[in-house]
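*Asks:* Below is one structure. I have some questions about it.
Each value in this text was obtained by applying a stated rule to the coordinates, not by laboratory testing. Small disclaimer: the values here were computed from a predicted structure and weren't measured. Cβ atoms come from the backbone with ideal geometry, glycine included; neighbour counts cover every protein chain shown.
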Amino acid sequence: MARRPIIAGNWKMNNNKAEAKELVDGIVYGISSLDASKMPEVVIAPTYTALWQAYDLIKNEPKIALAAQNVNPNPSGAYTGEISLDMLADFRVQFVIIGHSERRQMFGETDEFINQKAKAILAKGLIPIICCGETLEQREQGVTDSHLENQITKALDGISASDVEKSVIAYEPIWAIGTGKSCDAVEANRTIGQIRKVVAKLYSQDVADKIRILYGGSVKPSTIVEQMAQPEIDGGLIGGAALKADSFIDLIKGAM
Ligand code: PGA
């Protein structure tokens, strides 16, 4: 069975209440005329403070799913500033982005912590979008594939095949994030193919054939069609180009 593509907008630390409303309203309007049977799965990841509003604005729009940009794996307690899976479930959040390079690099998140999050998310019945990616230095040193194998192996440690096949991986080369310089589509396809081989090695070819692997890093309406034409690329995790409704709708159309 073909893997259903995903177009996911990662808002990062953007959009106050008014901006969030304008963006969600624009997306809802833009997709209202699109044929649901041809659409990718559309996911938006607002900030925590905009989740309630986004939930309210899309509650009658089954074509859009919500993601959180992070979660704490503990059920509750003394974790100042953190948000639990129970709280996300209140807003019918279906996906959680974990292991984003910004969280790894700026907030010191380890592979082990990301693995704990993946397990907690799956135990709650939500879907992790597990990010991985190499630095420019690692790419130049020729260690991209081994680095990604290490990140994926650690992120999936102890997770069952049935949970892995419904999970999502996002390959996001760090040098391509927010730089306007997207990874060449053929090379992104090759690298994602390597990640799929890692999943096949850890689990089975069947699991590898089912898991969806996205590309992220300066995806734009002008790059999406070529990216989606690659057989290994199952969609995009998009930052900057997901912040304007017109551009996000163009990305969705590019994946149809
Ligand atoms: P970008 O961000 O599209 O702005 O490069 C992608 C991401 O970090 O998920």
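*Asks:* Of PHE107, PHE248, how do they rank once you tally other Cβ atoms within 10 Å and put the fewest first?
*Replies:* Values: PHE107 10, PHE248 23.
By the 10 Å Cβ count, ascending, the order reads PHE107, PHE248.
*Asks:* Further question: When only C-alpha pairs under 8 Å and at least 6 residues apart count, what is the relative contact order of segment 127-256, in percent? Can you show the working numbers first?
*Replies:* Values: 207 pairs, mean separation 32.1, N = 130.
Reported relative contact order: 25 percent.
*Asks:* So which of LYS63/LYS220; LYS59/LYS124; LYS154/LYS253; LYS38/LYS59; LYS12/LYS253 end up more than 27 Å apart, counting from Cα to Cα?
*Replies:* On the way: LYS63/LYS220 21 Å; LYS59/LYS124 21 Å; LYS154/LYS253 35 Å; LYS38/LYS59 21 Å; LYS12/LYS253 22 Å.
Pairs exceeding 27 Å: LYS154/LYS253.
*Asks:* Sorted by average packing, counted as other Cβ atoms within 10 angstrom per residue and highest first, what order do 135-143, 58-66 take? Numbers along the way, then the final one.
*Replies:* Values: 135-143: 13.3, 58-66: 14.9.
Per-residue Cβ counts within 10 Å, averaged per peptide and sorted highest first, yield 58-66, 135-143.
*Asks:* May I ask you to evaluate 6.51 cos²θ - 1.76 cosθ + 1.60, the Karplus curve with θ = phi - 60°, for each residue of segment 216-224 and list the ³J(HN,Hα) values in order in whole Hz, giving x for glycine and proline?
*Replies:* x, x, 6, 5, 9, x, 6, 10, 5
*Asks:* Taking the Cα centre of the chain as origin and charging only Cβ (+1 Lys, Arg; -1 Asp, Glu), how large is the dipole, in debye to the nearest 20? All intermediate terms of the calculation are to be shown ahead of the outcome.
*Replies:* Details: 27 positive and 32 negative charges, 73 e Å.
Taking the Cα centre of the chain as origin, the dipole is about 360 debye.
*Asks:* Now for a different question. Which residue, chosen from ALA18, ALA170, ILE238, occupies the Cα position most advanced towards the positive end of the dipole of the chain, where the dipole is computed from +1 (Lys, Arg) and -1 (Asp, Glu) charges on Cβ about the Cα centre?
*Replies:* Toward the positive end, the furthest listed residue is ALA18.
*Asks:* Largest first and in whole Å, give the semi-axes of segment 107-196's equivalent ellipsoid, each being the square root of 5 times a Cα gyration tensor eigenvalue.
*Replies:* Values: eigenvalues 117, 38, 31 Å².
Working through the eigenvalues yields semi-axes of 24, 14, 12 Å.
*Asks:* Something else about it: Based on alpha-carbon atoms only, what is the radius of gyration of segment 113-256 relative to the globular estimate 2.2 N^0.38 Å?
*Replies:* Values: Rg = 14.8 Å, N = 144, 2.2 N^0.38 = 14.5 Å.
That works out to 1.02 for segment 113-256.
*Asks:* I want the local charge near ALA36. Using Cβ-Cβ distances under 11 Å, sum +1 for each Lys or Arg and -1 for each Asp or Glu among the other residues.
*Replies:* Details: positive: LYS38, LYS63; negative: ASP35, GLU41, GLU61.
Residues close to ALA36 contribute a combined charge of -1.
*Asks:* If we count other beta carbons within 10 Å of each Cβ, what is the order of TYR79, TYR203, TYR48, fewest first?
*Replies:* Details: TYR79 11, TYR203 19, TYR48 14.
Listed from fewest to most nearby Cβ atoms, that is TYR79, TYR48, TYR203.
*Asks:* Would you work out the relative contact order for the chain, in percent, from Cα pairs under 8 angstrom that are 6 or more residues apart?
*Replies:* Working: 465 pairs, mean separation 56.7, N = 256.
Computed value for the chain: 22 percent relative contact order.
*Asks:* Local charge sum around SER162 (other residues, Cβ-Cβ under 13 Å, Lys/Arg +1, Asp/Glu -1)? List each step's numbers first, then the result.
*Replies:* Numbers: positive: LYS166, LYS210; negative: ASP163, GLU165, ASP206.
Here the count lands on -1.
*Asks:* Please list the radius of gyration and Dmax for the chain, considering alpha-carbon atoms only, with Å as the unit.
*Replies:* 17.0, 49
*Asks:* Hey, another quick one. Projected area of segment 183-256, taken from the Cα convex hull and averaged over every viewing direction, in nm²?
*Replies:* Details: hull surface 18.9 nm².
Projected area, direction-averaged: 4.7 nm².
*Asks:* Follow-up question, since we're still on this one. Roughly how many debye, to the nearest 20, is the charge dipole of segment 1-146 about its Cα centre, given +1 on each Lys and Arg Cβ, -1 on each Asp and Glu Cβ, and no other charges?
*Replies:* Working: 15 positive and 18 negative charges, 85 e Å.
Result for segment 1-146 is approximately 400 debye, rounded to the nearest 20.
*Asks:* May I ask you to evaluate 6.51 cos²θ - 1.76 cosθ + 1.60, the Karplus curve with θ = phi - 60°, for each residue of segment 95-109 and list the ³J(HN,Hα) values in order in whole Hz, giving x for glycine and proline?
*Replies:* 10, 9, 6, 9, x, 4, 4, 5, 6, 5, 7, 8, 10, x, 6
*Asks:* Using amide H atoms built in the peptide plane, which far-off residues or other-chain residues are under 5 Å from ALA68 H to H?
*Replies:* Result for ALA68 returns PHE95, VAL96, ILE97.
*Asks:* Quickly estimate the mean residue ellipticity at 222 nm for the chain, helices only: each DSSP H run with n ≥ 4 gives -39500 (n - 2.57), and the total goes over all residues, rounded to 500. Intermediate values should be presented prior to the final figure.
*Replies:* Details: 12 runs with 118 residues, N = 256.
So the calculated ellipticity at 222 nm is -13500 deg cm²/dmol.
*Asks:* Amide H to amide H, which residues 5 or more places from ALA170 or on other chains are under 5 Å from it, using H placed in the peptide plane?
*Replies:* It is ILE130, CYS131, CYS132, LEU214, by chain and number.
*Asks:* If you don't mind, there's one more thing I want to ask. Would you mind ranking VAL96, VAL207 so that the residue whose beta carbon has the fewest other beta carbons within 10 Å leads the list?
*Replies:* Numbers: VAL96 26, VAL207 20.
Listing VAL96, VAL207 from fewest to most nearby Cβ atoms yields VAL207, VAL96.
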